[in-house]
Amino acid sequence: MTDTLRLNAARLRWTAIDDEVVAVDKTSSVYLAANSSGAALWDALARGATRGELVATLIAAYGLEPERAASDVDAFISELGRHGYLEA
Amino acid sequence: MTGSDRRSMWQAVDALVDAAPSFEHLRWHGLHLLAARRRREQGAAVPQNIRVEQRLAAVRALGAPELLRRLRDAVDGPVILVKGPEVAVRYPDPLTRPYRDLDVLVSDSVAAQKALRAAGFREVGEPSMYRGIHHLRPLQWDGHPLWIEVHHQPKWPDGLSAPTAAELTDRAVCHAAVDVGGVAALDPAAHAVLLAAHAWAHTPLARLSHLVDIAAVVQEADAAEVRGLAERWGCARLWRTTERAVDALFNGSAPSLAMRTWARHLAAARERTVFERHVQESAAPLWGLPPVPGANAAAATLLGTARRNRGESWKSKLHRSQAALRNAARAKSLHDAELAEPGRDPR
């Protein structure tokens, strides 16, 4: 999978606080918070990244096993995608 | 004001934050998020409860533009946003200036409230608390963490006449802080006077956050214009007292008499003691208001001190008075906490 994934900036407004990210869904007023590992993925997704790059981000930042990192990335992007927070 | 003056002002704010006895004192002053930023810059840990408040402040700030858009879509006529985000944008980091609601001034608050309810906003808060005051019941949008308060006039000290919505609309400028088309802001001179009057109507020279807000806004205004406007709006004395406090705290001027007496807690960035609060409530009206309303307000304060609260027995009143004397040198919030302890009230 080499497609670039990117946050849907039309739906979300966000800011970083320390090592966390706080975001608000502009249409529903739902708010989200991502911890430090989520924030690392969030930052990459804000710029645009492939799944492989996201996995590499987690491995580099937290020293995770590749399988664990891939699983975490899949869960994260699945959750974002389910709510329409990733660009189609 | 030059960039160097602005830096100097915020350096003075940092110095006050550094000098505060504790986070709790800074929370009382409304500077706890500024303090958190400062602590982080210094490599120190930020308490977990303050981190939670940072997140909440961020959520509210992020959600403000959408809420204002909904309001703008629903309400006809001029809408002027005051305080909150309009002040926060002037902080080095806007997220360090928390707010819980958006205060908007409109010419017909009843019609605006009705339009907002028709658009899906829901009134919240106990209705009796909002009768006969400067704004209507707060409005909430579907779980949004910010409320909207629709004002027909700004909060103003008792005994003084607040400028009308029409006068304020004349001072409106295109919006800069929250980029929502059709929502205006006050020019800095008018905004500074409004902030000072609002702070004075609540607690004169009590909280540093009020003075930081005023300092952040007034640095964009012409000092003579602000004084002239304060004169025109009948609050020249309170503006003069506020301006002197701001200059003493953030611009290196010598402390005024108020700052050396009933507002001396400000320079130490600590909460007022019970005694200081009593002195402030009696002295401030004489300082900031014209002679007649000032004397009336001071007399009302003294009478209020001597009276029982509604439904309170004389025994309980005596107990409160004794506690106030015993705790005269303690922070007011600690005194209040002591009185609120179960079994302490001999009602």
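Read-outs: derived from the displayed coordinates by stated rules, not from any lab. From a predicted model like this one, the values you see are computed outputs, not experimental measurements. Backbone-built Cβ (ideal geometry, glycine too); neighbour counts: all protein chains shown.
Just a few scattered comments:
- Per-residue ellipticity at 222 nm, computed for chain A from helices alone with -39500 (n - 2.57) per DSSP H run of at least four residues, works out to -15000 deg cm²/dmol.
- Residue-averaged beta-carbon neighbours from other chains (10 angstrom radius) around A:24-32: 6
- Highest mean packing first, where packing is the average number of other Cβ atoms within 10 Å per residue, the peptides B:108-119, B:86-97 line up as B:86-97, B:108-119.
- DSSP bridge orientation in the protein assembly as shown - percent antiparallel, rounded to nearest 5: 75
- Within the range B:19-110, the proportion of Cα pairs with more than 21 Å between them is 40 percent.
- Peptide B:221-228 has a mean shielding of 0, counted as Cβ atoms of other protein chains within 10 Å of each residue's Cβ.
- With R₀ fixed at 51 Å, the C-beta to C-beta distance from A:H83 to B:D18 puts the FRET efficiency at about 0.75.
- For A:E67 and B:E341, the FRET efficiency from 1/(1 + (r/R0)^6), where r spans their Cβ atoms and R0 equals 60 Å, is about 0.60.
- Taking one quarter of the surface of the convex hull spanned by the alpha-carbon atoms of chain B gives a direction-averaged projected area of 18.2 nm².
- Burial ranking of peptide ranges B:70-80, B:203-213, B:52-62 (average Cβ count within 10 Å, highest at the top): B:203-213, B:52-62, B:70-80
- The range B:237-296 versus the range B:1-59: alpha-carbon centroid distance in Å: 23
- Average other protein chain Cβ within 10 Å of Cβ, residues B:51-58: 4
- Percent of beta bridges antiparallel (DSSP, chain B, rounded to nearest 5): 60
- With only the Cα atoms considered, the range A:9-83 has a convex hull volume of 81 Å³ per residue.
- Under the Debye formula (equal points on every Cα, no solvent term), log10 I(q)/I(0) of the protein assembly as shown at q = 0.11, 0.12 Å⁻¹: -0.98, -1.12
- Cross-link reach list, aspartates and glutamates versus A:K26, counting only Cα pairs under 16 Å and skipping chain neighbours closer than eight places: A:E87, B:E66, B:D73, B:D142, B:D179
- Between B:R69 and B:R6, the contour length at 0.36 nm per residue exceeds the alpha carbon distance by 19.5 nm.
- Straight-line cross-link partners of B:K315 among the aspartates and glutamates, defined as a Cα under 15 Å from its Cα and at least 8 positions apart when in the same chain: B:D345.
- Lys/Arg +1, Asp/Glu -1 at C-beta; chain B dipole; positive extreme among B:A215, B:L238, B:A268: B:A268
- Positive end of the dipole of the range B:111-166 (Cβ unit charges, origin at the Cα centre): among B:A115, B:I148, B:G159, the Cα lying farthest that way belongs to B:A115.
- Placing R0 at 45 angstrom, the Cβ-Cβ distance between B:S333 and B:D179 gives a FRET efficiency of 0.75 after rounding to 0.05.
- Span from the the range B:181-221 Cα centroid across to the the range B:91-108 one, whole angstrom: 11
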